[in-house]
Structures are given as C-alpha cells and as structure tokens.
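The structure under discussion appears below in the form of structure tokens.
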Amino acid sequence: MGSNNEGVFVLAATNHPWDVDAALRRPGRFDRSLLVLPPDTAAREAILRHHLRARPVQNLDLAALAATTQHFSGADLAHLCESAVELALEESIEAGSA
C-alpha cells in the first residue's frame, strides 16, 4: 500500500449507525449514510428462490412464503432457508429416508 488513495472507495454497513464513533463520521471518512429498507415481496421471493435454487422445492409456494416474511432482510431470508434445509435433513434422517 502506498499513500496514493486515488480511486479508493470504502463502503461499510451497520445495523446500528448511532453507535459509529463521531470521529469516523467526519467529512472525508464515513460521512454519508444510505438507508437500505427491507426487500419488498417480489424481492423477497427472488431472494428465497436464489437460496433454494439447488433444493427440491417444487411443492413450496415461494410467493406465499415471501408474503409472510414482511420486514425480513436478505440475511434473515438466507438464514430462514438454511434453517429449513437443516430441519428437513434432520427429519429425513430420523425418518430413515436420507
């Protein structure tokens, strides 16, 4: 690394912007904020479809699931999918059908 920062752009994210130290929010540092709202229903459905793309979900109504997950973030939806897969795998093993 040198001292030439030309073309360098740093992006950070937090769920608690009020906890970011004032020194970091001074001009030239992290001085701009952008509010990113939770995804809408169509975006939630697309996120669910993405995270379940390699799973057997033919009988799953993703539109209905997306409609019931209002206020979920993309990370929340990813976790939901991963948890559902783990649960299904555990149930399959217990049933002896894995």
Worksheet item: Which condition number in (1) of a type outside the set (Asp, Glu); (2) outside any loop (DSSP other than H, G, I, E, B); (3) modelled with pLDDT of 95 or more is the one that residue 69 fails?
Response: (2)
Practice prompt. Just give me the residues in segment 7-27 being over 20 Å from residue 75 (Cβ atoms), among the aliphatic types (A, V, I, L, M) and surrounded by fewer than 10 Cβ atoms within 10 Å (Cβ to Cβ), in sequence order.
Written response: 8, 10, 22, 23
Item to complete: Go through (1) surrounded by fewer than 10 Cβ atoms within 10 Å (Cβ to Cβ); (2) of a type in the set (A, V, I, L, M, F, W, C); (3) assigned to a helix (DSSP H, G or I) and name the single condition residue 88 misses.
Response: (1)
Worksheet item: Counting only residues that are in contact (Cβ under 8 Å) with a residue 24 or more places away in the chain, surrounded by 13 or more Cβ atoms within 10 Å (Cβ to Cβ) and hydrophobic (A, V, I, L, M, F, W, C), how many does segment 49-79 have?
Response: 5
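The values are calculated or read from the model by the stated rules, or taken from the named source; none is laboratory data. As the structure is a computational prediction, the values presented were derived from the model and not from experiment. Cβ: placed from backbone, ideal geometry, glycine included. Neighbour counts: every protein chain shown.
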